[in-house]
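Novice: Got a structure for you, questions after.
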Amino acid sequence: MTDRHDEGGAGRVVVTVQGVDRVGIVADVTRVLADAGANLVDIDQSVLRGDLFVMVAVADLAPEGGIPFAELRERLEALGERIGVQVAIQREEIFRAMHRV
């Protein structure tokens, strides 16, 4: 029996979004997460200087029944291309390790 975490499924992730602000960015990104079975646990977004949109969200991926991490990354990147923003996803432990002082 294979563990979903080993397959890239369950776990906490950090999603970052940046680009020119427009209506619906938060809705579009969170819809992809929800469709993947992810539970949004924290989100912060800002619009800087009138049109620069930035967002950071933390989500728990579904331990069972969710999609693999790699597939979720592909869906989010495709969404970003479609709506004109940059979307990145990392496992929380990788994000924390990269930002350790």
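What follows draws every value from the coordinates through simple rules; no lab data is involved. Everything numeric here is computed off the predicted structure, so don't read it as measured data. Every residue, glycine among them, receives a Cβ derived from its backbone with ideal geometry; neighbour counts consider all protein chains shown.
Novice: Taking the Cα centre of the chain as the origin, how large is its charge dipole in debye, to the nearest 20, when only Lys and Arg (+1) and Asp and Glu (-1) carry charge on their Cβ atoms? Could the numbers behind the result be given before it?
Specialist: Values: 11 positive and 17 negative charges, 63 e Å.
Here the size comes out at about 300 debye.
Novice: Rounded to whole Å and ordered largest first, report the semi-axes of the equivalent ellipsoid of the stretch 11-98 derived from its Cα gyration tensor (root of 5λ). It would help to have the intermediate numbers written out before the result.
Specialist: On the way: eigenvalues 91, 40, 25 Å².
In descending order the semi-axes read 21, 14, 11 Å.
Novice: Please work out how much length the chain gains when fully extended from Leu40 to Ala62, using 0.36 nm per residue of separation minus the C-alpha to C-alpha distance, in nm with one decimal. Walk me through the numbers on the way to the answer.
Specialist: On the way: separation 22, 0.36 × 22 = 7.92 nm, distance 1.08 nm.
My answer for the length gained is 6.8 nm.
Novice: Under a GNM of the chain (C-alpha, springs under 10 Å), which listed residue has the highest mean-square fluctuation: Asp21, Asp35, Asp60?
Specialist: Asp35
Novice: Also, I was wondering about something else. Set the Förster distance to 25 Å, then compute FRET efficiency between Ala70 and Ala27 from the Cβ-Cβ distance, nearest 0.05. Display every interim value, and only then the final one.
Specialist: Values: r = 24 Å, r/R0 = 0.96.
About 0.55, to the nearest 0.05.
Novice: Between Val47 and His99, what FRET efficiency follows from the Cβ-Cβ distance if R0 is 35 Å, with the result rounded to 0.05?
Specialist: Values: r = 23 Å, r/R0 = 0.66.
The formula returns an efficiency of 0.90 here.
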